[in-house]
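This report refers to the structure that appears directly beneath it.
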Amino acid sequence: MDPMVATPLTNPDTQPDTGTGYTRNIHLLYVPTLGCNLDCAYCYLGEQTTQAALKVDAGRAVPTLRHALHALREAGVLAFNVSLHGGEVTTLPEAVLDELFTLIRAHYSENFDAINALGHRKSAPHIKTNLYRFAPFYALFERHKVSLSASIDLPLALHARYRTTRGGHDWLARTHDNIRLLAGYPHARKISATLCGEHVDDIQAIIDDIWFIHRELGFDMNQFNLMFAFASVFNRASKGDAVLAPATPAQQLALYRALKDEFTGTELDDGLRRNWFDEFKPSYCTNAFNCGERFYLLQSDGSVYSCVRGQGIEEFRYGNIFEDRIDDILANGARKIERMHQAYGFDANCQRCDHLALCHTGCPVVKHQNASGRSYTCELQKAIYADNPLSFPAASPDGQRQEARQYMIDMHPSLAFAQAPEPIRPGAIRLPNDLAGERNTLQAMIDADPVLQALYSELAFILEVGDELVPLASQLLKERATWYTLAPGDRLVVHVRRSLFDANCPEFLRNTLYLQMLRDTPVVYGDEQRTKQGMYSPTRSSPTACRRARAWVPST
């Protein structure tokens with residue numbers, strides 16, 4: 001597993017075209033083959049890595065990526081990051097890898113200014129590799145300045161036991177040699193380790209091997225990051241009773257505290273603080289609000305999935321680059337991720353958490369695999385936040401309630417609107433006592449005024465939704481809203497009663513009706529910074545009544 005860094009971007013649906021031809025940017029993870037030369041005990045891809053037809057993948061790897069980049073460009077979508085993942089990328093022939101690297105470098109060169117303007121400094125390909133075939137490809141990688149993320153097991157004794165070849169052979173000695181070779185590689189490189197419960201049983205061995213790799217093998221272990229395995233249906237189907245159990249929250253915390261105690265203040269202090277636990281910080285895709293808005297995994301057969309964790313899972317399949325429109329694939333991604341979060345509810349602990357805005361309740365794929373609505377590294381994340389209160393400040397009580405409410409509205413709208421409205425808290429403004437009198441209520445003033453009765457009548461404005469006629473009452477008088485789900489092609493008509501044309505309107509030429517289509521996204525207006533409902537583009541009708549009438553049609 002190698003989650004993608006979620007560099008903060010503007011809303012992908014509202015970015016203006018700055019002259020580049022792009023109106024949206026995404027992170028594209030490309031899997032040229034699912035084939036792999038290893039048989040790792042905890043692999044979440046299961047039998048997918050053995051069923052891949054390497055010869056078929058080699059023949060279509062380059063054309064598929066070329067087609068995808070062209071289709072994205074035509075749709076106004078910029079892939080600001082194109083990373084290669086597997087399976088194992090280095091199972092492909094050298095000539096195919098050479099073409100892939102050349103294509104990616106050309107893409108970065110062609111879009112240098114647009115990518116740089118987004119704050120990214122991508123100019124060379126990146127791959128995730130198990131290092132098994134690192135030495136034969138060293139010259140190719142160096143020539144293309146490929147950045148490398150090398151995956152190993154810690155402690156190294158379990159690397160020998162659980163990261164074996166397809167034939168079940170231990171290759172730890174070659175791993176040592178390749179790490180030494182990686183240490184002298186002149187371009188960007190890092191090492192990652194995915195840990196299960198058994199890996200964390202011997203924390204001292206992990207510590208000893210970090211020092212061994214750093215001091216004996218010569219690789220700078222500041223460039224290192226940790227990940228934790230999670231339950232996988234594919235892994236269980238492949239390994240059966242031999243499947244490795246994930247690390248428990250207590251084990252995750254114990255490892256974090258032990259590494260802090262050992263490496264704080266040493267030459268590896270910077271790595272400990274900046275890189276080792278980055279996956280559990282807000283900068284990673286695992287903490288995105290809706291990762292389906294900007295992260296996509298493309299396979300050589302054209303299938304598009306959420307990410308490496310979602311490969312092969314139908315619930316995280318967004319479409320096919322050869323069969324579906326780019327806009328449909330991207331929209332499907334956001335919709336499927338939203339549905340997955342909603343399927344497991346809004347965990348009660350998350351609703352009360354003062355770091356909800358940083359975590360966003362965790363990875364949707366792991367939620368699906370664990371059948372849980374809460375991040376599987378929650379306790380570890382809270383410990384990291386507590387140790388870095390300035391980098392990851394906790395929300396105030398009022399801020400926490402607002403964040404929880406907004407998250408519920410945005411991600412779980414059915415829960416938000418099923419709840420009773422929050423009680424209105426008394427403000428600091430003192431009003432005259434008589435304002436609370438019955439005669440000063442809005443309804444009393446309407447009842448006493450024929451003009452207001454005409455304007456506020458529920459029969460004044462009628463909304464026609466399909467075959468149903470819905471009277472539109474004023475939002476100031478209604479206590480609840482009725483929601484309708486609209487589909488493309490649905491007929492929506494607003495009817496205005498003719499009597500309104502004469503309601504208190506002596507100046508016919510200045511008699512105007514404004515219709516505003518409101519949405520459920522709050523927007524801050526004007527110098528007073530008032531928060532109100534967002535508005536779709538308003539339209540002006542022919543002259544009608546002298547008051548503004550708002551027809552509220554919720555967005556779907």
Subset tally (residues that are free of Cβ contacts under 8 Å to residues at least 60 places away in the same chain and either in a helix (DSSP H, G or I) or of a type in the set (D, E, K, R) (or both)) for segment 303-342 | 17
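Return the residue satisfying two criteria in turn: it lies in segment 194-208 and is in a helix (DSSP H, G or I) and acidic (Asp, Glu), and of such residues it is surrounded by the most Cβ atoms within 10 Å (Cβ to Cβ).
Glu198
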Can you name the residue in segment 209-253 that is part of a helix (DSSP H, G or I) and closer than 23 Å to Asp177 by Cα and, of all such residues, is nearest to the chain's Cα centre (by Cα)?
-> Ile210
With (1) β-branched (Val, Ile, Thr); (2) modelled with pLDDT of 95 or more; (3) part of a helix (DSSP H, G or I) as the list, and Thr286 as the residue in question, which single condition is left unmet?
-> (2)
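Go through segment 300-309 residue by residue and tally those that are crowded, with 22+ Cβ neighbours inside 10 Å and in contact with a Ser or Thr (Cβ under 8 Å, 6 or more places away or on another chain). Even if it seems obvious, please write down each step before you answer.
At the first step, the residues of segment 300-309 found to be crowded, with 22+ Cβ neighbours inside 10 Å are 300, 304-307, 309.
Next, from what is left, pick out any that are in contact with a Ser or Thr (Cβ under 8 Å, 6 or more places away or on another chain): 300.
Total meeting the criteria: 1.
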Mind checking which residues of segment 259-274 are in a loop (DSSP other than H, G, I, E, B) and exposed (fewer than 12 other Cβ atoms within 10 Å of the Cβ)?
-> Thr264, Gly265
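Given the structure, is Gly218 open to solvent by 10 Å² or more (accessible area, probe 1.4 Å), at pLDDT below 95 and farther than 22 Å from Cys378 by Cβ?
no
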Mind listing just one residue for me: the one in segment 483-502 that is exposed (fewer than 11 other Cβ atoms within 10 Å of the Cβ) and not small (Gly, Ala, Ser) and, of those, nearest to the chain's Cα centre (by Cα)?
-> Thr485
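Can you confirm whether Ala61 is open to solvent by 20 Å² or more (accessible area, probe 1.4 Å), out of contact with any His (no Cβ under 6 Å at 6 or more places or on another chain), modelled with pLDDT of 95 or more and part of a helix (DSSP H, G or I)?
Values: open to solvent by 20 Å² or more (accessible area, probe 1.4 Å): no; out of contact with any His (no Cβ under 6 Å at 6 or more places or on another chain): yes; modelled with pLDDT of 95 or more: yes; part of a helix (DSSP H, G or I): yes.
No; evaluated as a whole, the condition is false for this residue.
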Verdict on Gln369 being at pLDDT 95 or above, surrounded by 20 or more Cβ atoms within 10 Å (Cβ to Cβ) and over 29 Å from Glu74 (Cα atoms) | no
Read through the list (1) surrounded by fewer than 18 Cβ atoms within 10 Å (Cβ to Cβ); (2) at positive phi, then give the number of the only condition that Gly87 fails.
-> (1)
Within the group Ser149, Ser123, which residue is assigned to a loop (DSSP other than H, G, I, E, B) and among the polar types (S, T, N, Q)?
-> Ser123
Residues satisfying the stated conditions in segment 471-490, i.e. touching a strand residue (DSSP E or B) at 6+ places or on another chain (Cβ under 8 Å) and either of a type in the set (Gly, Ala, Ser) or at pLDDT 85 or above (or both) | Pro471, Leu472
Residues that are open to solvent by 50 Å² or more (accessible area, probe 1.4 Å), closer than 19 Å to Lys190 by Cβ and over 27 Å from the mean Cα position of the chain (by Cα), drawn from segment 102-153 | Tyr132, Arg133, Ala135, Glu142, Lys145
Taking segment 3-39 and keeping only residues that are modelled with pLDDT of 70 or more, hydrophobic (A, V, I, L, M, F, W, C) and open to solvent by 20 Å² or more (accessible area, probe 1.4 Å), one is left with Leu34, Cys36
Out of curiosity, is Lys336 more than 30 Å from Arg73 (Cβ to Cβ), of a type in the set (Lys, Arg) and within 20 Å of the chain's Cα centre (by Cα)?
-> no
Per the filter on segment 90-101, residues of a type outside the set (Val, Ile, Thr) and either outside any loop (DSSP other than H, G, I, E, B) or surrounded by fewer than 16 Cβ atoms within 10 Å (Cβ to Cβ) (or both) are Pro93, Glu94, Ala95, Leu97, Asp98, Glu99, Leu100, Phe101
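The values are calculated or read from the model by the stated rules, or taken from the named source; none is laboratory data. Just so you know, these numbers come straight off a predicted model, no measurement behind them. Note that each Cβ is placed from the backbone with ideal geometry, even for glycine, and that neighbours are counted across all protein chains shown. The accessibility values were calculated without ligands, DNA or RNA, using every heavy atom of the protein model including side chains. Shrake-Rupley method; radii C 1.70, N 1.55, O 1.52, S 1.80 Å.
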